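A short worksheet on the structure shown next.
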Amino acid sequence: MLIDPKTAGLMVIDVQARLVPAIPGAAPAIRRISALIQGARRLGLPVLASEHCPDKLGPTVAPIRALLPPDGVHPKTSFAFVREPVWRDLIRRSAKRHWVVAGFEAHVCVAQSVAALRALEYEVFVVADAVGSIGDEDKELALRRMEREGAFPLSAEMALFEWLETADNAGLRDVLALIKEMR
């Protein structure tokens, strides 16, 4: 299945200051998440971002926060954001059926959020090179589990090209520049 950009949105989960230093490969994942946010915004896709217990885990890291609108980050306490009314409302109001998901930690908040979205019959695409966990084994287990639950694994570059659909898309040059920057 390909992402349908007309019915797609991006979810950025918990890319927070106190998590990032402990996650192997966080810097390249953050570059990819940044490219996804910029690509989504350039192509008119909604971007939702969460912070898990920000009083404990800190705010969204500055490079990501700078790409989001002032009201673009929503706090949560549930590991699966869909369990919280504000998130359910945001998702419902967006009217999107395909969700591209990136963020931290893959085996906790990302995996539980993906499972909750799938239970609500959304199509979910997990950006494997833009998720991370403190333990590499936890990340790999989470990716396998999410795929078994019906989520589609892909790379950040794959997501960006699927959002474009054609080489005639007016956003092609911008997306190509984002891909160069994230590498």
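Please treat every number below as a calculation from the coordinates, not as lab data. As the structure is a prediction and not an experimental result, all values here were calculated from the model. Reconstructed Cβ throughout: ideal geometry from the backbone, glycine too, with neighbour counts over all protein chains shown.
Given the structure, is VAL126 closer than 23 Å to ILE37 by Cβ, under 13 Å from the mean Cα position of the chain (by Cα) and of a type in the set (Val, Ile, Thr)?
yes
Does ILE3 count as in contact with a Gly (Cβ under 9 Å, 6 or more places away or on another chain) and surrounded by 15 or more Cβ atoms within 10 Å (Cβ to Cβ)?
no
With respect to ARG92, is the statement that it is in contact with an Asp or Glu (Cβ under 9 Å, 6 or more places away or on another chain), under 26 Å from MET158 (Cα atoms) and not β-branched (Val, Ile, Thr) true?
Taking the combined requirement at face value, the residue does not satisfy it.
Which members of the stretch 2-33 meet the condition of being touching a residue at least 60 places away in the same chain (Cβ under 8 Å), on the phi < 0 side of the Ramachandran plot and in a loop (DSSP other than H, G, I, E, B)?
Hits for the stretch 2-33 are LEU2, ILE3, ASP4, VAL15, LEU19, ILE23, PRO24.
Looking at the stretch 154-170, can you tell me whether even one residue there is more than 19 Å from HIS98 (Cβ to Cβ) and touching a residue at least 12 places away in the same chain (Cβ under 8 Å)?
no
Does ALA26 satisfy being among the small types (Gly, Ala, Ser) and either surrounded by 20 or more Cβ atoms within 10 Å (Cβ to Cβ) or touching a helix residue (DSSP H, G or I) at 6+ places or on another chain (Cβ under 8 Å) (or both)?
yes
For the stretch 120-146, give me each residue that is among the acidic types (Asp, Glu), under 24 Å from ASP89 (Cα atoms) and out of contact with any strand residue (DSSP E or B) (no Cβ under 6 Å at 6 or more places or on another chain).
Listed by number, the list holds a single entry, GLU121.
For residues that are in contact (Cβ under 8 Å) with a residue 24 or more places away in the chain, in a helix (DSSP H, G or I) and either surrounded by 13 or more Cβ atoms within 10 Å (Cβ to Cβ) or in contact with a Gly (Cβ under 6 Å, 6 or more places away or on another chain) (or both), tally how many sit in the stretch 171-183.
So the count comes out to 5.
Just to confirm my filter: which helices (runs of 4 or more DSSP H) fall fully inside the stretch 60-121 and include at least 3 residues that are surrounded by 20 or more Cβ atoms within 10 Å (Cβ to Cβ) and touching a residue at least 12 places away in the same chain (Cβ under 8 Å)?
Helices (runs of 4 or more DSSP H) meeting the threshold: 111-119.
Which one is farthest from GLY103 (Cα to Cα) among residues in the stretch 130-153 that are assigned to a strand (DSSP E or B) and in contact (Cβ under 8 Å) with a residue 60 or more places away in the chain?
Among those that are assigned to a strand (DSSP E or B) and in contact (Cβ under 8 Å) with a residue 60 or more places away in the chain, it is PHE152.
In the stretch 152-168, which residues are small (Gly, Ala, Ser) and under 14 Å from the mean Cα position of the chain (by Cα)?
Correct list: SER155, ALA156, ALA159.
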